[in-house]
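A.B. asks: Sharing a structure here in structure tokens format.
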């Protein structure tokens, strides 16, 4: 999978994408990231990318043309038209289901907004998918873009050691993940549930499912599907 990020802060993105599991995915050749500086596609000597908004308001708006030129450059060097995403608080909130769908694409381009956003005419022209990571506002789209890169990349086949690493996690099957334990068997008087050290695989799986359901009902009842409500 190839992911291009259009940003004003490429170094910020490069630092994160070269680390941990995602970084290992890059070294394996499974993932490829390119962070493009939108300022490199300006046509003015000051490399300015923003201007005051029409209609009067505080803050600055990112201009359409530098972003469009950057996107054109990406498309000209791509074998197929990439899927464009704009990280925006107005977008649809990211879910594990959508992340899994995006992980099956071969090429994604992510636009990071900044200041008070981007010129609406750019969005009307390119019609990106708008995605939010939550109902709050950040100073720029770089952190949301990195969240999207992380959650999508780890679902790409081969990035994690086994698909079970993510199929058994919170949200993948509509539930939160069951509680996890590791050594020592007893810590500050608290013991690991006996069933988990019993070696009885059927009972262990039953406990995991029941614990995941109980946890979801307690913490995120909105996630419970009708089939579980009837149980």
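The values are calculated or read from the model by the stated rules, or taken from the named source; none is laboratory data. Since the model is a prediction, treat every value here as computed from it, not as a measurement. Every residue, glycine among them, receives a Cβ derived from its backbone with ideal geometry; neighbour counts consider all protein chains shown.
A.B. asks: Out of (1) exposed (fewer than 14 other Cβ atoms within 10 Å of the Cβ); (2) modelled with pLDDT of 95 or more; (3) under 15 Å from residue 143 (Cα atoms), what's the single condition that is false for residue 40?
C.D. replies: (3)
A.B. asks: Looking at 74, 30 in this structure, which one is surrounded by fewer than 21 Cβ atoms within 10 Å (Cβ to Cβ), under 21 Å from the mean Cα position of the chain (by Cα), touching a residue at least 60 places away in the same chain (Cβ under 8 Å) and part of a loop (DSSP other than H, G, I, E, B)?
C.D. replies: Details: 74 fails: part of a loop (DSSP other than H, G, I, E, B).
One residue alone meets the criteria, 30.
A.B. asks: If only one of 130, 125 is in contact with a strand residue (DSSP E or B) (Cβ under 6 Å, 6 or more places away or on another chain) and assigned by TED's automatic domain parsing to the domain that holds residue 36, which one is it? Reasoning before the result, please.
C.D. replies: Values: 125 fails: in contact with a strand residue (DSSP E or B) (Cβ under 6 Å, 6 or more places away or on another chain).
Selected residue: 130, the only one of 130, 125 that is in contact with a strand residue (DSSP E or B) (Cβ under 6 Å, 6 or more places away or on another chain) and assigned by TED's automatic domain parsing to the domain that holds residue 36.
A.B. asks: Let me ask you something else. Please give the strands (runs of 3 or more DSSP E) falling wholly within the range 79-151 in which 1 or more residues are touching a residue at least 24 places away in the same chain (Cβ under 8 Å) and more than 19 Å from residue 4 (Cβ to Cβ).
C.D. replies: Numbers: elements: 83-93, 107-112, 129-132.
Hits in the range 79-151: 83-93, 129-132.
A.B. asks: Inspect the range 38-57 for any residue being free of Cβ contacts under 8 Å to residues at least 40 places away in the same chain, closer than 22 Å to residue 133 by Cβ and touching a helix residue (DSSP H, G or I) at 6+ places or on another chain (Cβ under 9 Å) and give the result as yes or no.
C.D. replies: Pass one, the range 38-57, residues free of Cβ contacts under 8 Å to residues at least 40 places away in the same chain: 38-48, 51-52, 54-56.
In the following step, the residues that additionally are closer than 22 Å to residue 133 by Cβ were identified as 38.
Filter again for touching a helix residue (DSSP H, G or I) at 6+ places or on another chain (Cβ under 9 Å), leaving 38.
Yes, the range 38-57 has at least one match.
A.B. asks: For residue 204, only one of the following conditions fails: (1) in contact with a helix residue (DSSP H, G or I) (Cβ under 8 Å, 6 or more places away or on another chain); (2) modelled with pLDDT under 95; (3) not assigned by TED's automatic domain parsing to the domain that holds residue 58. What is its number?
C.D. replies: Exception for residue 204: condition (2).
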